[in-house]
1. Residues in segment 223-241, backbone N under 13 Å from the label point at R167 (7 Å along the Cα-to-beta-carbon vector): list them, ranges by number please.
2. When the helices in the chain are scored as -39500 (n - 2.57) per DSSP H run of 4 or longer and the sum is shared across all residues, what 222 nm value do you end up with, to the nearest 500 deg cm²/dmol?
3. Would segment 118-212 count as rounded, prolate or oblate if I go by the C-alpha gyration tensor, calling it rounded below 1.5 in a/c and otherwise prolate when a/b exceeds b/c, oblate otherwise?
4. Given the protein chains as shown and a 1.4 Å probe, how many square angstrom of Y51 are accessible, to the nearest 10?
5. Checking the table K208/K375; K208/K319; K76/K145 against a 27 Å threshold on Cα-Cα, which pairs fail?
6. When a/c reaches 1.5 or more, the comparison of a/b and b/c decides; with that in mind, is the chain rounded, prolate or oblate per its Cα gyration tensor?
7. For a quick check of understanding: with a 1.4 angstrom probe and all protein chains in place, what accessible area in square angstrom does H109 have, to the nearest ten?
8. So if I place +1 on the C-beta of Lys and Arg and -1 on the C-beta of Asp and Glu, and nothing else carries charge, what would the dipole magnitude of the chain be about its Cα centre? I want it in debye, nearest 20.
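The values are calculated or read from the model by the stated rules, or taken from the named source; none is laboratory data. These numbers were taken from a predicted model, which means no experiment stands behind them. Counting neighbours? That spans all protein chains shown, and the Cβs are built from the backbone with ideal geometry, glycine included. Note: accessible area is taken over every heavy atom of the protein model, side chains too, but ligands, DNA and RNA are not part of it. Shrake-Rupley method; radii C 1.70, N 1.55, O 1.52, S 1.80 Å.
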Amino acid sequence: MKRFRHVLAGSLGLLVAAGALTVASTANAATTLGASAAASGRYFGTAVAAYKLSDSTYSGILNREFNSVTPENEMKWDATEPTQGQFSYGSADQIVARAKSIGAKVRGHALAWHSQQPGWAQNLSGTALRSAMLNHVTQVATHYKGQIDSWDVVNEAFADGSSGARRDSNLQRTGNDWIEAAFRAARAADPAAKLCYNDYNTDGQNAKSNAVFAMVQDFKSRGVPIDCVGFQSHFNAQSPLPSDYQANLQRFANLGVDVQITELDIEGSGAAQATSFAAATRACLAVTRCNGITVWGIRDSDSWRASGTPLLFDGSGNKKAAYESVLAALNGGTTTPPTTPPTTPPTTTPPPTGSGCTSTISLNQWNGGFVATVKVTAGATALSGWTVNVTLPSGAAVTNSWNAQASGGSFSNVAYNGSVNAGASTEFGFQGTGTGPSVSSCTAR
């Protein structure tokens, strides 16, 4: 699942294999996302939260439209091994069971990541942490052996910016070979699953995607088991779908790995949003080794970026213009996306007229924890820096953050996102335990 970075977190084909879907009929291929994608040997999937499966509208769309699912949080380290050596699979198993019941495959997300680690793992370092990480990878991949189509083995291990360096994390500090070690452990535990590296802000060619490219190239040359690369693809007006998106996917595919769009969401509405969704879809279809697309959530209200209405269904479960444009692209259509507004127009916030800044919080809450995304919007005057203070409910604690410097419930910009043009926005995020905050205030500086 994602966390919003610098302005912007399973392949099901027609292979004749145990558990694979049969070819969809022409009629079905024209009317649902999953069946239409399957007609070209691909999948169209979504991120799923176990606690929402009891929502009839949510489950109805899931059952009808998608042929691949990715657990949002239920397979992450803090969820599956809350106490060292004691594993908890209940919620993740529930999602896997639902996937099986609708004939969908599963993308496992994620085995090793610097974020959403349980507290005990955050307190380890060096050899002890390396051993614990490898045991976790082995145990979880073994538990789901034969049930996962693709694993995000390692998630977000490279830093943002122009350095092309690895992210400084407790896992990185165990040694530069930690990613390779995780992939080798995953292959030993489940030889049939595709093993992926997954990251954000790598959608076009830049310093970060070049660094990932070099790692994959090195792994392939040395026989390190890697089968696929995931591109999260979180887009908005400030960070749009890059013009070299397809070319970037293709250059990775040329290394001999599959490519997957793993967490697609695009803020906006109407024809502009529909056009971007269609372009991303067509880019995947144009790359032979692009297995498929996963959108990060079902309805706008289910998104970790809900205020940006970034998905294919509105909060009531109605198909949006973006849905129609994606379906047309999957079915080979090239028509201009519809411009008729959705049944329930998205709520828009007028641009601020005063100086200073405002902040709004979007929460992804689960039992015992949360991820918060905070949008900082400049007023009538551009910002050169900002500080956001949040009110943490009793018992809540911040465990890590991104795109901000954190001190308790106070967050300030980092070097690359302090300058915000008048009326424009940037975002940062943080993770915590307990119940997430809903109140924040922003101060320009």
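1. 232
2. Mean residue ellipticity at 222 nm (helix-derived): -8000 deg cm²/dmol.
3. oblate
4. 130 Å²
5. Beyond 27 Å between Cα atoms: K208/K319.
6. Judged from the Cα gyration tensor, the chain comes out rounded (a/c under 1.5).
7. Accessible area of H109: about 0 Å².
8. My answer is approximately 320 debye.
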